[in-house]
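Below: the structure, in structure tokens.
Since every read-out is calculated from the coordinates, none of them should be taken as a lab result. Small disclaimer: the values here were computed from a predicted structure and weren't measured. Note that each Cβ is placed from the backbone with ideal geometry, even for glycine, and that neighbours are counted across all protein chains shown.
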Amino acid sequence: MTAAPGRPAAPLPAEIEPADLPADAIEVGRIADAWGIKGWFKVLPHSADPQALFSSTRWYLQPSERGAKAFSGTVLLRVRETKEHSDSVVARADGVDDRSAAEALKGCRIFIPRTSFPTAGDDEYYWVDLLGLDVVNREGVALGQVKDLMSTGPQSVLVVVREEEGKTVECMIPFVAAYVDKVDLQARRIAVDWQADY
């Protein structure tokens, strides 16, 4: 355990135990701060749709990259209750019974195994599953790989990159049915109605 200079770290409750980060763990948010006096804490999800946070009662925490740390490595947090509150999520967990215990988790990064995510509906995809997929247009021209996704309000946009004459070329393709013909997760490929010079 490490602590801020001049202030010893409070020991973690027994219910929060060291753990190995699952191989399929995805970072889904971070703990912003304590919420109230009974051990609840506020979570800032990385996604506008925080269903992964609600689907799992086992969160894996790692300390923030900077700032005081109450622990090092990875710990397992057993979540008792999670609910939406305003523009964020609030939760409570075993061993986090008061404000001080919740404050000790401030800044922690939250990871959840991909296998714990709820099943996506037809024609729905998790962003994390689209990253790295090859993008090819109807003519068979390789447009690059999905590097990132952006939310522009009503739709998401694929950020696709490729190397061309020693330079990195980036294009943005709206992730809507008008331009996306097929997503094949098994083949790791997205077929689109898009040209390389758009």
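I need the phi-derived Karplus couplings for segment 122-137: 6.51 cos²θ - 1.76 cosθ + 1.60, θ = phi - 60°, integer Hz, Gly and Pro marked x.
With coefficients 6.51, -1.76 and 1.60, one gets 4, 6, 10, 9, 7, 3, 4, 6, 8, 4, x, 6, 6, 10, 10, 8 Hz.
Check which residues have an amide H placed less than 5 Å from residue 80's amide H, if you skip close sequence neighbours.
Counting only residues 5 or more places away or on other chains, the set is 92, 93, 94.
So in the chain, what percent of DSSP beta bridges are antiparallel if you round to the nearest 5?
Working: 49 of 53 bridges.
In the chain, DSSP labels about 90 percent of beta bridges as antiparallel.
Take each of the peptides 120-127, 131-138, average the number of other beta-carbon atoms within 10 Å over its residues, and list them starting from the highest. If you can, show how the numbers build up before the last one.
Values: 120-127: 11.5, 131-138: 16.4.
With the highest mean Cβ count within 10 Å placed first, the list reads 131-138, 120-127.
Pick from 74, 82, 152 the residue whose mean-square fluctuation is largest in a GNM of the chain, springs joining Cα atoms under 10 Å.
Of 74, 82, 152, the Gaussian network model singles out 152 as fluctuating most.
Just want to confirm a number: the relative contact order over segment 129-176, from Cα pairs under 8 angstrom separated by 6+ residues, in percent.
Details: 86 pairs, mean separation 12.7, N = 48.
Normalised by residue count, the contact order of segment 129-176 is 26 percent.
Under the rule of -39500 (n - 2.57) per DSSP H run of 4 or more residues, summed and divided by the residues of the chain, what mean residue ellipticity at 222 nm is obtained, to the nearest 500 deg cm²/dmol? Working shown, then result.
Values: 3 runs with 14 residues, N = 198.
So the helix-based figure for the chain works out to -1500 deg cm²/dmol.
In whole Hz, what ³J(HN,Hα) sequence does segment 72-85 give by Karplus (6.51, -1.76, 1.60; θ = phi - 60°), x for Gly and Pro?
10, x, 10, 10, 9, 10, 8, 8, 8, 7, 9, 8, 6, 8
For the chain, what size does the Cα cloud have along each of its three principal axes, sorted from largest down, in whole Å?
For the chain, the Cα spread along each principal axis is 62, 37, 28 Å.
From Cα pairs below 8 angstrom and at least 6 apart in sequence, can you work out the relative contact order of segment 157-197, rounded to a whole percent?
Details: 46 pairs, mean separation 11.2, N = 41.
Dividing the mean separation by the residue count of segment 157-197 yields 27 percent.
Taking a cut-off of 26 Å between Cα atoms, list the lysines near residue 182, but don't count ones fewer than 8 places away on the same chain.
Within reach: 147.
What residues have an amide H closer than 5 Å to that of residue 32, excluding those fewer than 5 places away on the same chain, when H is modeled at 1.01 Å from N in the peptide plane?
It is 42, 43, 44, 107, by chain and number.
When the label point is put 7 Å from the Cα of residue 197 along its Cα-to-beta-carbon vector, which residues of segment 127-143 have a backbone N closer than 17 Å?
What the label zone holds, given the 17 Å backbone N cut-off, is 137-143.
What relative contact order, as a whole-number percentage, does the chain give when Cα pairs under 8 Å and 6 or more residues apart are counted? Could the numbers behind the result be given before it?
Details: 413 pairs, mean separation 37.7, N = 198.
In percent, rounded to a whole number, it is 19.
So how do 60, 179 line up by other beta-carbon neighbours within 10 Å, fewest first? Kindly include the intermediate steps, with their values, before the conclusion.
Working: 60 21, 179 15.
The order, fewest Cβ neighbours first, is 179, 60.
Check the straight Cα-Cα distances from residue 106 and name the lysines below 22 Å, setting aside those fewer than 8 residues away within the same chain.
The reachable lysines, counting only those whose Cα sits under 22 Å from residue 106, are 38, 42, 69, 83.
What is the set of long-range amide H partners of residue 25 at a cut-off below 5 Å, with H atoms built 1.01 Å from backbone N?
Sorted by chain and number, the residues that satisfy this are 114.
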